[in-house]
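The values are calculated or read from the model by the stated rules, or taken from the named source; none is laboratory data. Given the structure is predicted, the values throughout are model-derived calculations rather than measurements. Positions of Cβ are generated from backbone atoms using ideal geometry, with glycine treated the same way; all protein chains shown enter the neighbour counts. Just the protein is used for accessible areas: all its heavy atoms, side chains included, with ligands, DNA and RNA removed. Shrake-Rupley method; radii C 1.70, N 1.55, O 1.52, S 1.80 Å.
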Amino acid sequence: MSRGQGGRPDSDALRQWQALQLSKLELELQQQALTALQQSSEQAQAGQALYQQLFELSPACSYALDRAGRVVCANQAGAALLAQSPLALQGQPFERYLAPEEQPRWRALAAALLSGGGAAGMDSQLFAAIPGACAVRLDARLDAATGLCCVVMAPQARDEAVPVAQLRLLAEHEANALETARMELARTMHDQVGQNLLALRMEVALLNQRTQPRQGPLHMRARAALDNVDVTLRSVRAMLNQLRPAVLDLGLQAAMDWLLADFRKRSGLACTLDVPDEQVFDCLDDGAALVLFRQLQAALQSIQGDAGASSVAVSLRRQGGSGGVLLMVTDDGAGDGGAAAGSGRRQRQALVMLAIGERLRSYGGKLEVVYGVGQGCRISMRLPGRRS
């Protein structure tokens, strides 16, 4: 460093040296914060990809049909069995993929479901022109509220069909595996990313404190770096809450309060919770309570992303004398735009509602969805009481 008269450092050189040191410090802090944020983002994306893969790669061949018997959606296994892509199947009559001699039986089964509801099944044969056409087992169930017919089709090997009960056990296993993956990912983010960010914050806070008396450029940059670290920490906490909120350990009541408060903050929608009898939270065991929380979370995410609603009402009540619970989610959104246009709300939300319904059924529960024409939607979730 050059010196002026009297051996004192030249003021211009001193300022240049200080500016270089400030730039170096700022680059190091920004690099550390960006590295931590990138790691947390990659881990969150891995969790989302896992959730998508659990549905898309499920071996159960699943389809959702409208009242006219057209395919609304199908997973990868279902599309592959019919030698089509999921997109190509949309809007196609389901019966065209069955052998011509089997189509009248399918139409009769579908008509019975439309008139009486419930569930029905039949053994059938795929259309011979489909590569690898084989005998299949069809198990269908109609949701009278939504008008969607949910079909699971299983190829038969040696005249033996795969029981639907086994497929549901597989779905429950995959859901439990997803919950375990969420817990592991949340724990990793907390123990590694979160702790590293906290250590970084302590160092930056110390630098900010030491430079505060002079209020110079170094303090301003330290203050900015501290703000950036705080923003990153809040982002990581938000990711952790989406993976597995720590409030779940405090019980379903606290978890629902937190979920609705977070929903109001993120969506800007008015959201109320009505629980006439707080003892209803004691009706469910830990597993069923977690299932109900996750399905409420999925329903709220669907409303926020697709409903065009301005308010949401959530209520939780005991279900008569059965010892179970009834959770209702009602919104004032767009309702159903109509299947003819191919863009009705029920069609856009078909996969979400199908997943919620199957998860509830794995615990002996039931889903009912009622769409109004321009008058919103009511989602009813029923679960039985504690398992013996």
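Spacing of the modelled spin labels on Asn241 and Arg317, each 7 Å from Cα toward Cβ, amounts to 3.0 nm. Karplus-based coupling profile of segment 193-203, in residue order and whole Hz: 5, x, 5, 5, 5, 5, 4, 5, 5, 4, 5, with θ = phi - 60° in 6.51 cos²θ - 1.76 cosθ + 1.60 and x standing for Gly or Pro.
Quick one: if the Förster radius is 35 Å, what FRET efficiency do Ser310 and Glu172 give, using the C-beta to C-beta distance and rounding to 0.05? According to the calculation, E is roughly 0.45. In order along segment 62-73, phi translates into HN-Hα couplings of 10, 9, 10, 10, 7, 5, 7, x, 8, 6, 8, 7 Hz, rounded to whole numbers, per the Karplus curve 6.51 cos²θ - 1.76 cosθ + 1.60 with θ = phi - 60° and x for Gly and Pro. Quick query: amide H of Asp285 versus all other amide H atoms, modeled in the peptide plane; which residues come in under 5 Å with a sequence gap of 5 or more or a different chain? Residues meeting the amide H criterion: Arg386, Arg387.
Once backbone amide H atoms are built at 1.01 Å from N, Val136 has Ser124, Gln125, Leu126, Gln156 as its partners under 5 Å, excluding neighbours fewer than 5 places away on the same chain.
Please tell me the relative contact order of segment 265-321 in percent, rounded to the nearest whole number, where contacts are Cα pairs under 8 Å and at least six residues apart.
Working: 34 pairs, mean separation 39.6, N = 57.
Answer for segment 265-321 is 69 percent.
With a 1.4 Å probe rolled over the protein heavy atoms of all chains, the accessible area of His219, His190, His173 falls in the order His173, His190, His219, largest first.
At full extension, Ile130 and Met328 could sit 67.0 nm farther apart than now, given 0.36 nm per residue minus the alpha carbon distance. Amide H contacts of Leu273: Val314, each under 5 Å away and 5 or more positions distant or on a separate chain (H built 1.01 Å from N in the peptide plane; Pro and chain starts excluded). Couplings for segment 236-245, taken from phi via the Karplus curve 6.51 cos²θ - 1.76 cosθ + 1.60 with θ = phi - 60°, read 5, 4, 5, 5, 4, 5, 6, 6, 7, x Hz in order; Gly and Pro are left as x. Other residues with beta-carbon under 11 Å from the beta-carbon of Glu368 carry, at +1 per Lys or Arg and -1 per Asp or Glu, a net charge of +2. Summarising the label geometry, the points placed 7 Å from Cα in the beta-carbon direction at Met122 and Thr188 lie 4.8 nm from one another.
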